[in-house]
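Comments concern the structure below.
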Amino acid sequence: MRVRPVSFPLLVEDLADRLTSRESDTRLRVAVDGADAADPRRLADALVDPLRVRGRPAIRVDTSDFLRPASLRLEFGRTNPDSFYTGWFDEAGLIREVLAPAGPDGSGRILERLWDARIDRAARAPYRELPPGAIVLVSGPLLLGSGLPFDFSVHLELSPAALARRTPDDLVWTLPAYRRYAGEVAPETFADVVVRLDDPRRPALVVTGP
């Protein structure tokens with residue numbers, strides 16, 4: 001295990017180098033996993049241009065666009081941490097519309113948005129044909145340990161104190177779900193890259209994979 005303090009721009013460049021070192025003629029499905037307090041969207045968004053500069057088309061997907069309908073998601077209340085942990089995200093839809101078609105034997109035809117939670121109905125987004133060598137960056141919480149078929153994973157790790165401190169008041173109810181995730185899944189033990197983000201100004205890169 002190697003731990004190296006880095007700036008955010010250097011972290012992005014390091015990850016872009018790691019991703020583009022993979023086979024250039026195959027698609028790559030990448031998880032950027034982290035609680036809202038770790039802002040996985042920011043890192044995934046920041047990777048798009050560096051990957052394209054390196055010759056790899058990058059496509060962004062966020063799990064906030066793959067939520068289950070409110071009737072299922074909120075069946076046990078709007079602030080139920082167990083529902084958030086096990087039933088908030090449409091994992092089957094993410095596999096069917098993104099991860100399976102983006103895989104090595106998939107059609108290459110993906111749907112970037114499945115559900116519009118604001119109006120609680122299908123997003124009606126068009127399908128997109130992935131170009132050769134595309135890298136699909138999927139950001140969101142609780143992405144690892146449930147069998148989602150990713151080729152590479154980045155986990156954004158916060159200590160319990162940092163997670164509690166940086167979680168917005170309206171999301172404090174999710175903290176038990178993240179404690180459960182840490183205890184049951186322990187994503188830091190098997191993610192390809194772990195980034196410690198207790199201080200967002202001073203991330204630390206922990207390489208656990210090959």
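The values are calculated or read from the model by the stated rules, or taken from the named source; none is laboratory data. Not measured: the values here are computed from a predicted model. Because the Cβ atoms are built from the backbone with ideal geometry, glycine has one as well, and the counts that use them run over all protein chains shown. These area figures cover heavy atoms from the full protein model, side chains too; ligands, DNA and RNA do not enter into them. Shrake-Rupley method; radii C 1.70, N 1.55, O 1.52, S 1.80 Å.
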**OP:** Give region 115-140 a look and list any residue that's open to solvent by 30 Å² or more (accessible area, probe 1.4 Å) and under 22 Å from Ser83 (Cα atoms), or say none.
**Re:** Trp115, Ala117, Arg118, Ile119, Asp120, Arg121, Ala122
Subject >> Tabulated pairs, region 145-158, first more than 19 Å from Asp90 (Cα to Cα), second open to solvent by 50 Å² or more (accessible area, probe 1.4 Å) and outside any loop (DSSP other than H, G, I, E, B), C-beta under 6 angstrom, 6+ apart or interchain >> reply: His155/Glu188; Glu157/Glu188; Glu157/Arg196
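Residues checked against (1) assigned to a loop (DSSP other than H, G, I, E, B); (2) open to solvent by less than 30 Å² (accessible area, probe 1.4 Å); (3) more than 24 Å from Arg196 (Cβ to Cβ):
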| residue | (1), (2), (3) |
| --- | --- |
| Leu51 | no, yes, no |
| Ile59 | no, yes, yes |
| Thr79 | yes, no, yes |
| Ala92 | no, no, yes |
| Ile95 | no, no, yes |
| Ala102 | yes, yes, yes |
| Asp105 | yes, no, yes |
Subject >> Residue ID - most open to solvent (accessible area, probe 1.4 Å), chosen from residues in region 141-158 that are more than 25 Å from Glu23 (Cβ to Cβ) and at pLDDT 95 or above >> reply: Glu157
Original post:
If we scan region 30-43, do we find a residue that is over 15 Å from Phe89 (Cβ atoms), assigned to a helix (DSSP H, G or I), more than 16 Å from the chain's Cα centre (by Cα) and in contact (Cβ under 8 Å) with a residue 60 or more places away in the chain?
Top reply: no
**OP:** Mind telling me which of the residues Phe8, Phe66 ends up being of a type in the set (Phe, Trp, Tyr) and crowded, with 20+ Cβ neighbours inside 10 Å?
**Re:** Phe66
Original post:
Given the conditions (1) among the polar types (S, T, N, Q); (2) in contact (Cβ under 8 Å) with a residue 24 or more places away in the chain; (3) closer than 28 Å to Asp49 by Cα, which single one is not true for Ser107?
Top reply: (2)
